[in-house]
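Student: Take a look at the following structure, please.
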Protein chains: 2
Amino acid sequence: MSTDRPAPPANALYHYPLSPFSRKVRLTLAEKKIEVKLIEERYWEQDPDFIRRNPAGKVPILKLGSRVLADSVAICEYLEEAHPTPALMPNTPEGRYEVRRLIAWFDDKFYHEVTTKLVGERVFRKVMGTGYPDSGNVKSGSRAIKYHLDYMAQLLESRRWLAGNEMSLADFAAAAHLSCLDYISDVDWNRSDVVKDWYAKIKSRPAFRSLLADQVSGFPQPQHYADLDF
Amino acid sequence: MSTDRPAPPANALYHYPLSPFSRKVRLTLAEKKIEVKLIEERYWEQDPDFIRRNPAGKVPILKLGSRVLADSVAICEYLEEAHPTPALMPNTPEGRYEVRRLIAWFDDKFYHEVTTKLVGERVFRKVMGTGYPDSGNVKSGSRAIKYHLDYMAQLLESRRWLAGNEMSLADFAAAAHLSCLDYISDVDWNRSDVVKDWYAKIKSRPAFRSLLADQVSGFPQPQHYADLDF
């Protein structure tokens, strides 16, 4: 069961480039200026060292000194509590509720209706070697993303950011999914001006740079992906 | 699109008896002594009134006065912040992280590996009218629950409750899933004494009474289900 991996650095994030849950944590870490080494983990290969660190067998896993943290929601809440500046959650229970509701919206509903249907079929099937994309799923994802972009537009008509007038973890959750989809050119940015403006705003933050530098073998980055004037 | 429903009460929880996410919120509300009217919602029938209240189309939905709250994690965090007594989360970021990690463990991993495979196949297929149980799924769920009970035993060997020495939302998440499985006699309580003792402790709380009174049409309650000396 031994591996030839070198000893892990003090602070590291085990991630996969097109994992939206990893991206949400990367954005949160970068916004809070917590430096970590990114270690790409092909988690579906179930490397024994990785499973020992995380019995749930998923990415992201955050190593901070001797502490190993799993689950992107628990990690982001921990980072917000242990490193409160800059704040990525409002102060009121009602404001925080809305952030958490939207994180669940994107990490559960959007993920199952859109991300797995498009990124899952077009990219993960190939990198995991589980066959060709299922065209029914791709069609269903392409239909569902329209509804979700319209829902985002509806929120952004009355708010500067998705959960209110301040940027929050909800924006990072949404941007994490949309940026994975944008890497495979599956987002129609012309559908809504307010959504496009919101994405331009978040994409231009320094915290986003690492995501824009991602490369996935076998899937060349499209030209618009890292362009701030997409 | 009109319905004959009477006006909803000020405080109500739209739920389904064997929904573990509804049960987690019911336990939290009862422990915090917040009274709500329980309204059973056959959410998969997508009643237009219900969808209007909750575009995500799921249970539970909590109505508190004019406020309508969705998503069980966001609801429980809101209740903990807005009604902090009794506390169902520890004070430290590290303690709270462990609670949230375990909530995700049960609501995501346990739910997909066990609850949907057993309660989903044996009960929901029948009540939703989507055919007979898939025996492969049932076998897979029966296998997976053993691993999960052993994982709980491992945690409980060194802690009084699942996430530490105080009862927390993590215990409610776990008990919510296990109580649904216990309703269909799918939990082998003889597998681990510490897990059985933990369940006996949580089952005897006044907050649990409403769950023990649940009846699902077509699925008579087994005798041991509501018995505190099971």
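Student: If you scan region B:82-103, which residues turn out to be facing another protein chain (nearest Cβ under 8 Å) and open to solvent by 50 Å² or more (accessible area, probe 1.4 Å)?
Tutor: Answer for region B:82-103, where residues must be facing another protein chain (nearest Cβ under 8 Å) and open to solvent by 50 Å² or more (accessible area, probe 1.4 Å): just B:Glu94.
Student: Write out, first by first residue and then by second, each pair whose Cβ atoms fall under 7 Å of each other, whose residues are 6+ apart or on separate chains, and whose first residue, in region A:211-226, is closer than 14 Å to A:Ile184 by Cβ while the second is of a type in the set (Phe, Trp, Tyr).
Tutor: Note: pairs meeting the criteria are A:Gln221/A:Tyr183; A:His224/A:Phe230; A:Tyr225/A:Tyr183.
Student: Just to confirm my filter: which helices (runs of 4 or more DSSP H) fall fully inside region A:62-135 and include at least 1 residues that are in the same structural domain as A:Ser179 (by TED's automatic domain parsing) and among the β-branched types (Val, Ile, Thr)?
Tutor: Filter on region A:62-135 gives A:93-104, A:125-128.
Student: Still on this structure, I have one more. Can you tell me which of (1) open to solvent by less than 20 Å² (accessible area, probe 1.4 Å); (2) more than 11 Å from chain B (Cβ to nearest Cβ); (3) acidic (Asp, Glu) is the one A:Glu77 doesn't meet?
Tutor: Every listed condition holds for A:Glu77 apart from (2).
Student: So, in region B:20-61, exactly how many residues are within 21 Å of B:Val123 (Cα to Cα), part of a helix (DSSP H, G or I) and among the charged types (D, E, K, R)?
Tutor: The total comes to 4.
Student: Next question. Only residues that are open to solvent by 20 Å² or more (accessible area, probe 1.4 Å) and within 10 Å of another protein chain (Cβ to nearest Cβ): list them for region B:105-146, please.
Tutor: Those that are open to solvent by 20 Å² or more (accessible area, probe 1.4 Å) and within 10 Å of another protein chain (Cβ to nearest Cβ): B:Asp107, B:Asp108, B:Lys109.
Student: Taking region A:218-228, which residues are open to solvent by 60 Å² or more (accessible area, probe 1.4 Å) and touching a helix residue (DSSP H, G or I) at 6+ places or on another chain (Cβ under 8 Å)?
Tutor: A:Leu228
Student: Would you please name the residue that is farthest from B:Phe172 (Cα to Cα), looking only at residues in region B:110-145 that are free of Cβ contacts under 8 Å to residues at least 24 places away in the same chain and among the acidic types (Asp, Glu)?
Tutor: Looking at the filtered set, the residue picked out is B:Asp134.
Student: Checking B:Leu64 against (1) out of contact with any helix residue (DSSP H, G or I) (no Cβ under 6 Å at 6 or more places or on another chain); (2) open to solvent by less than 50 Å² (accessible area, probe 1.4 Å); (3) within 10 Å of another protein chain (Cβ to nearest Cβ): exactly one of these is not met. Which one?
Tutor: Here B:Leu64 meets the rest and fails (3).
Student: What single numbered condition from (1) farther than 24 Å from A:Arg159 by Cα; (2) at pLDDT 95 or above; (3) open to solvent by 10 Å² or more (accessible area, probe 1.4 Å) fails to hold for A:Tyr183?
Tutor: Condition not satisfied by A:Tyr183: (3).
Student: Output the residues belonging to region B:9-59 that are of a type outside the set (A, V, I, L, M), more than 26 Å from A:Tyr151 (Cα to Cα) and open to solvent by 50 Å² or more (accessible area, probe 1.4 Å).
Tutor: B:Asn11, B:Lys33, B:Glu35, B:Lys37, B:Glu40
The values are calculated or read from the model by the stated rules, or taken from the named source; none is laboratory data. This is a predicted model, so every value here is computed, not measured. Cβ atoms come from the backbone with ideal geometry, glycine included; neighbour counts cover every protein chain shown. Side chains are part of the model used for accessible areas, which takes the heavy atoms of the whole protein and leaves out ligands, DNA and RNA. Shrake-Rupley method; radii C 1.70, N 1.55, O 1.52, S 1.80 Å.
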